[in-house]
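J.: Below is the structure I would like to discuss, written out as structure tokens.
The values are calculated or read from the model by the stated rules, or taken from the named source; none is laboratory data. A quick note: this is a predicted structure, and the numbers were derived from the prediction, not measured. For neighbour counting, all protein chains shown are included, and Cβ atoms are generated from backbone atoms with ideal geometry for every residue, glycine included.
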Amino acid sequence: MVLNPMIQPQVSLSGVEEVRHSSYVSELVTSLEGFQGLKSEWKGLLDAMEETRLNLDHGWLYAWLKNFDSTGGFIILVRDENKRLIAAAPFKVSRPKAGLNRRVLRHLQFIGTEPCLYDEMKILIHPDLDEERILKTISEKIMEAASQWDVIDLRYSPDEHQLTRLMAQLKPTIFKGQVEQTMSCPYFDLPSNQESYEAAYPKNRKKRKRHHNQINRDFKGKAFEFQWLTDESEIQSELDCLIQRHVAYWKERGVCSGFQRYANMKRFYQDLLAGYPTQQSADGQITLGRVRFSVLKIDGNPVSYDIGLHQGDGYLGHLGCYSESFKRYGPGFLHAEALIENAIEAGDTRFYFGRGDEAHKFNWADKKQSLFNLLLFKNRPAYFLWQADEALKSGVHGLKTIVKGSC
């Protein structure tokens, strides 16, 4: 192997390999134990960036790796001459479960992909330093380990500029690549109080009143309740109910729920709820954690569930479902209204609805955060295997459309 003269290989450590680039040092962390030891430094880098998205937090990434990737990831660190952590690329390498040909390709992806349980992800870079130089260091580390991957598939980054710069550093040594917008994350800015919210969204106020009247009429004034879950046994019980309804909802639509496809999906959410808990004191005071599980009840019966993440400036609706038998009462809508009211009371400034442009989100959302994918192929065989799967997927979709139209 021929190395760039600027790169000096260092002695490998357990789960960590070092490469020097000028006054920077890059490290490759490939063990869960190695990543676990970075908790304090990782927090320091996030604090310097003023980054508050939960899925970039060390605890979230560790929970995902522990449950879905026992190899420990493919995490590239960059340090300065004082050994200070100045950048981190939270990557992992694995073969996807989906696709006929893609299963043989090794994908370099963000931690949190397959199953994709984050809404957005990016490479962490200290804001006071030269991003292009750091990305060059990261790209050289990626290419040094090129024997370990076939495709670079980085999904749902809000930073198009960062992905484009990384591609420019990698492009001379790869076969084909592109950066494109694929999805968005709708959100809206919260007013400072509930009265201002009511005035800004009169249609939602009328819709909420209509549903409340219908519930009072049909249930003869029985209690309608929003509740944060704090008791551990109740959390486990309601999580089981959420999973059952999530599986049933997608089964009715011909889709396999992630809770069926991935055996550790439930444990992942258990770890998050335990690691970022919402707690209730002896006097009934609730302290909200960064991961929040809530239910909406009618006459004591849960009709809607939501697991959400606090992003520093606001609430992100992450995983929710409702009881189909109560659909006429708008449980999903009423649950969102209750969460918005709680967010306003807590002083949050934004409310996020997660990836996807589903129509119901725009009852509130008036802005969208664009998300971008970087897709690079190391060589021609990888590219053609990927394209063969795309053609097969398109053919199957077309056949389903024809069959459905003839019924």
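J.: Residues to consider are G312, G320; find the one that is within 16 Å of the chain's Cα centre (by Cα), on the phi > 0 side of the Ramachandran plot and not assigned by TED's automatic domain parsing to the domain that holds L61. Outline the logic, then answer.
T.: Working: G320 fails: on the phi > 0 side of the Ramachandran plot.
Just a single option satisfies the conditions, and that option is G312.
J.: Going through D357, D348 one at a time, which residue ends up being touching a strand residue (DSSP E or B) at 6+ places or on another chain (Cβ under 9 Å), at pLDDT 95 or above, of a type in the set (D, E) and not in a helix (DSSP H, G or I)? Can you show your working first?
T.: Numbers: D357 fails: at pLDDT 95 or above.
Residue meeting the stated conditions: D348.
J.: Considering only residues that are of a type in the set (D, E, K, R) and in contact with a Leu (Cβ under 9 Å, 6 or more places away or on another chain), look in the range 344-379 and name the one that is surrounded by the fewest Cβ atoms within 10 Å (Cβ to Cβ). Break it down stepwise before answering.
T.: First, pick out the residues of the range 344-379 that are of a type in the set (D, E, K, R): 345, 348, 350, 355, 357-358, 361, 366-368, 378.
Among the residues that remain, those that are also in contact with a Leu (Cβ under 9 Å, 6 or more places away or on another chain) are: 348, 350, 355.
Working: D348: 19, R350: 16, R355: 20.
Checked the range 344-379; the qualifying residue surrounded by the fewest Cβ atoms within 10 Å (Cβ to Cβ) is R350.
J.: Taking the range 308-331 on its own, how many of its residues are in contact with a strand residue (DSSP E or B) (Cβ under 8 Å, 6 or more places away or on another chain) and part of a loop (DSSP other than H, G, I, E, B)? Reasoning before the result, please.
T.: Initial filter on the range 308-331 (in contact with a strand residue (DSSP E or B) (Cβ under 8 Å, 6 or more places away or on another chain)): 308-311, 313-323, 326, 329, 331.
Adding the requirement that they be part of a loop (DSSP other than H, G, I, E, B) leaves 311, 313, 323.
Going through the range 308-331 one residue at a time, the tally reaches 3.
J.: Which residues, counting only those in the range 274-307, are touching a Gly at 6+ places or on another chain (Cβ under 8 Å) and not in a strand (DSSP E or B)?
T.: The answer is G275, Y276, P277, T278.
J.: Restricting the search to the range 154-177, which residues are touching a helix residue (DSSP H, G or I) at 6+ places or on another chain (Cβ under 8 Å) and farther than 18 Å from Y118 by Cα? Walk me through it before giving the result.
T.: Our first condition is that a residue be touching a helix residue (DSSP H, G or I) at 6+ places or on another chain (Cβ under 8 Å); within the range 154-177, this holds for 154, 157, 162, 165-166, 169-170, 173, 175-177.
Q162, R165, L166, Q169, L170, T173, F175, K176, G177 - these are the residues of the range 154-177 that are touching a helix residue (DSSP H, G or I) at 6+ places or on another chain (Cβ under 8 Å) and farther than 18 Å from Y118 by Cα.
J.: Which one of these is among the hydrophobic types (A, V, I, L, M, F, W, C) and either part of a loop (DSSP other than H, G, I, E, B) or closer than 15 Å to F268 by Cα (or both): A48, A63?
T.: Details: A48 fails: either part of a loop (DSSP other than H, G, I, E, B) or closer than 15 Å to F268 by Cα (or both).
On inspection, the qualifying residue turns out to be A63.
J.: Select from the range 228-245 the residues that are of a type outside the set (K, R), out of contact with any Leu (no Cβ under 8 Å at 6 or more places or on another chain) and either crowded, with 17+ Cβ neighbours inside 10 Å or not in a helix (DSSP H, G or I) (or both) and list them in ascending order. Walk me through how you get there before you give the answer.
T.: Start the filter on the range 228-245 by keeping residues that are of a type outside the set (K, R), which leaves 228-244.
In the following step, the residues that additionally are out of contact with any Leu (no Cβ under 8 Å at 6 or more places or on another chain) were identified as 229-234, 236-237, 240-241, 243-244.
Passing the criteria: L229, T230, D231, I243.
J.: For the range 148-181, enumerate the residues that are closer than 20 Å to N55 by Cβ and surrounded by 14 or more Cβ atoms within 10 Å (Cβ to Cβ).
T.: Within the range 148-181, I152, D153, L154, R155, Y156, S157, P158, D159, E160, Q162, L163, L166 meet the criteria.
J.: Look through L166, L170, L190 and report the one residue that is modelled with pLDDT of 95 or more and under 17 Å from H107 (Cα atoms). Reasoning before the result, please.
T.: Details: L170 fails: modelled with pLDDT of 95 or more; L190 fails: under 17 Å from H107 (Cα atoms).
On inspection, the qualifying residue turns out to be L166.
J.: Name the one entry in R103, R53 that is among the basic types (K, R), buried (at least 20 other Cβ atoms within 10 Å of the Cβ) and assigned by TED's automatic domain parsing to the domain that holds F384.
T.: After ruling out the rest, the residue left standing is R53.
J.: Failed condition for L135, given (1) of a type in the set (A, V, I, L, M); (2) touching a residue at least 40 places away in the same chain (Cβ under 8 Å); (3) surrounded by 20 or more Cβ atoms within 10 Å (Cβ to Cβ), with all others met?
T.: Status for L135: all satisfied but (2).
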